[in-house]
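Everything below concerns the one structure shown next.
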Amino acid sequence: MTDGFFTCRKNVLLAKSPSTQIEGVFAASRGRLVSEEQEALLQQWLEEGAGNLPASESVPAVEKVSVTLTSDWLEGSELLMTSLRELNSSPEATPCADQQLSELNTLASSELQHHAVAERARLPAEETVTVAGSAPWAAVVPQTDQQIAGCADINAEVLNDDPAVLAWSLACDAETVPAELPAQPIQDAVPFCPVATEVPYHEILWRDWEDLSVQPCILEQVSKNTRLFEFRVMSYNILAQDLVEQGLDLYVHCHPDILNWNYRLPNLLQEIQHWDPDVLCLQEVQENHYWEQLEPTFKEMGFACFYKRRTGTKTDGCAVCYKHSRFQLISLSPVEYFRPGLDILNRDNVGLVLLLQPVLPEGLDLKSISPLCVANTHVLFNPRRGDIKLAQVALLLAEIDKIARTTEGSYYPVILCGDLNSVPDSPLYKFIRNGELSYHGMPAWKVSGQEDFSQQLYSRKLLAPLWPSSLGITDNCQYVTRCQPKKPGRREYSRDFLLQFRFCDVACERPADLVLLEGVTDVKPVASATEHSAVTAVPKRHHCLSFLGKWSSGVIQHGLNLTSVYSHFLPQRGRPEVTTMPMGLGATVDYIFYSAEPVENKAGRRLYKDGALKLLGRLSLLSEDVLLMANGLPNPFCSSDHLCLLASFGLEISSL
């Protein structure tokens, strides 16, 4: 699988330098059982580069086989972005396994012990770092402060040891990995294997690409010769450096050097460049890093970039980038959730909503394909304030409704990405996916499902209305100015004309479903004598209190018909998917939602099928136990505390 999770392999194969020395120590075990997996790993090592040793560098030693990879073999930046399969196809990396095997067999001569002792005395002292489950490899060091990150060519000074990888490898103590291995004769019938320690990273953090284009609904479209505009979307919380330094207690399991931005930035850029998304939605993007490093690099990669910093004193924000060769910008709407004077919207989170026009090949009219609405956000973290989370999502959905709604009242396809700080099947998740939520009386902590505060004596509850009418958003998550367009020929009345009905009999009657609000709806209007005489002369009309009763029903809705790219469960492992691991506890809080067609409601859950926007594939996620084996997130190979989400879509191209 070429698209395996390359970031866990790149540091094991090669240090971040065009010319790097990699040392492999293989111990021969007389009479010791070797598993098929270890034999396969050795054979793979021999086939994919060990055979490229120059004859002058062959060393007749029992315990060490020194391999030097120079820039003549492959440039370091190219190798970092190349999978194992691509290495095999490289002309500069032609395997020479037979030559290497013959060299190893030569070591089984009668004078083997003498050569081994002489060679150990000749070799310079050099520290190596043991990668669990494989041979010790040359260390990988973080970048220095003087280095400037680029999109492809990122150089780093190679030192004798990498503190990040070294700290991880020191978990194998002297009892597990002896300092000196006893020299033993190598026999033809005895296989070689790496030193047995722990499972290597590149086997733990492998992420498969799931091809969903073979589903019946997609095959049916292919059989009808329906052309698709295919593109990839990535959502990634890249962990702002300021937030790392403000919350170091969250990363006590990490060596300090792997938390350095100069170490993390190249990993993040290489990961993004490897998966090559057409639309990139980033969260926790630090402002100075965006303008000084990320945006220039992304522009070199062919992206057009837009950024929205959080309001207040926060230094991070959200970014949306798209390949200008694949899309053209129609409209851009930054969203600020902070509203002065409103407790329900008093936090500094933000979002971005873009309307993009796909760029079709020559000969096809742009009108033959629908525009695409892309939204990106990072919702409040605080698990106790689900009311704020819900209001922020409602505000974002109102903005999407404004941008994505067509003149006929339908919607363009929508893709919603972001860190929602809510777990699957939480009320907030169900609201986005099912399009409806009854929130009145719900404890605020329950909205996101992050933590259980049911044992507390007092907990904040959600009351209707969730937000005041002054916000200008209805319970259908639409702006008031857009939800009810004026009908042609509708009569208009002046304010003075409508005021004369405010004390009529109907206006003074309490609607049955009107919520009792102290000081607002608990007092019956009383008209003065002059006003009463004027009111009795006009016909009875419904008052705005009736409208207020409908407004405050305690139910919010939206009509976007969104479903999740991921199923949030790994059937092959029988465990939930995980996108982040705060304090060693795995959870899913990152999502990619997309427009689909509802089929039916089953047990309160809306079922969907693909419509004009089709899900063609996705990058698999990992489970909590797998990430625990890799020491959680971040680690030397995954430089954020979140995993990236990646999905492939196809948008129907109509034939005009």
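The values are calculated or read from the model by the stated rules, or taken from the named source; none is laboratory data. Just so we're clear, the structure is a prediction, and the values are computed from it rather than from any experiment. Note: ideal-geometry Cβ built from the backbone for every residue, glycine included; neighbour counts use all protein chains shown. In case anyone asks, the SASA skips ligands and DNA or RNA and just uses the protein heavy atoms, side chains included. Shrake-Rupley method; radii C 1.70, N 1.55, O 1.52, S 1.80 Å.
Table: residues versus (1) open to solvent by 70 Å² or more (accessible area, probe 1.4 Å); (2) assigned to a loop (DSSP other than H, G, I, E, B).
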site: N421; (1), (2): no, yes
site: L428; (1), (2): no, no
site: G449; (1), (2): no, yes
site: D452; (1), (2): yes, yes
site: S459; (1), (2): no, yes
site: L463; (1), (2): yes, yes
site: S470; (1), (2): yes, no
If you take the residues in the range 494-517 that are basic (K, R) and surrounded by 13 or more Cβ atoms within 10 Å (Cβ to Cβ), which one is nearest to L466 (Cα to Cα)? R510
Is the range 597-620 home to any residue that is open to solvent by 10 Å² or more (accessible area, probe 1.4 Å), within 30 Å of Q241 (Cβ to Cβ) and of a type outside the set (S, T, N, Q)? yes
Return the pairs, sorted by first residue and then second, in which the second residue is open to solvent by 10 Å² or more (accessible area, probe 1.4 Å), the first residue lies in the range 560-578 and is free of Cβ contacts under 8 Å to residues at least 40 places away in the same chain, the beta carbons are less than 6 Å apart, and the residues are 6+ apart or on different chains. F569/P576
Which of the residues belonging to the range 430-446 are open to solvent by less than 10 Å² (accessible area, probe 1.4 Å) and under 20 Å from L463 (Cβ atoms)? F431, Y439, A444
Which condition breaks for T407 when tested against (1) of a type in the set (V, I, T); (2) at pLDDT 95 or above; (3) surrounded by fewer than 15 Cβ atoms within 10 Å (Cβ to Cβ)? (2)
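Whether any residue in the range 361-373 is among the charged types (D, E, K, R) and touching a Ser or Thr at 6+ places or on another chain (Cβ under 8 Å) is what I want to check.
Checked against the condition, which is being among the charged types (D, E, K, R) and touching a Ser or Thr at 6+ places or on another chain (Cβ under 8 Å), the range 361-373 yields no hits at all.
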Could you name every one of the strands (runs of 3 or more DSSP E) located completely within the range 296-350 that has at least 1 residues being without any contact (Cβ under 8 Å) to a residue 40 or more places away in the chain and open to solvent by 60 Å² or more (accessible area, probe 1.4 Å)? 327-336
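Would you kindly identify the helices (runs of 4 or more DSSP H) lying entirely within the range 192-276 that contain at least 1 residues that are at pLDDT 95 or above, open to solvent by less than 60 Å² (accessible area, probe 1.4 Å) and closer than 30 Å to R310 by Cβ?
Details: elements: 201-204, 216-223, 241-246, 261-275.
Because the criterion is at least 1 residues that are at pLDDT 95 or above, open to solvent by less than 60 Å² (accessible area, probe 1.4 Å) and closer than 30 Å to R310 by Cβ, the helices (runs of 4 or more DSSP H) in the range 192-276 that meet it are 241-246, 261-275.
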Could we say that L457 is out of contact with any helix residue (DSSP H, G or I) (no Cβ under 8 Å at 6 or more places or on another chain) and free of Cβ contacts under 8 Å to residues at least 60 places away in the same chain here? yes
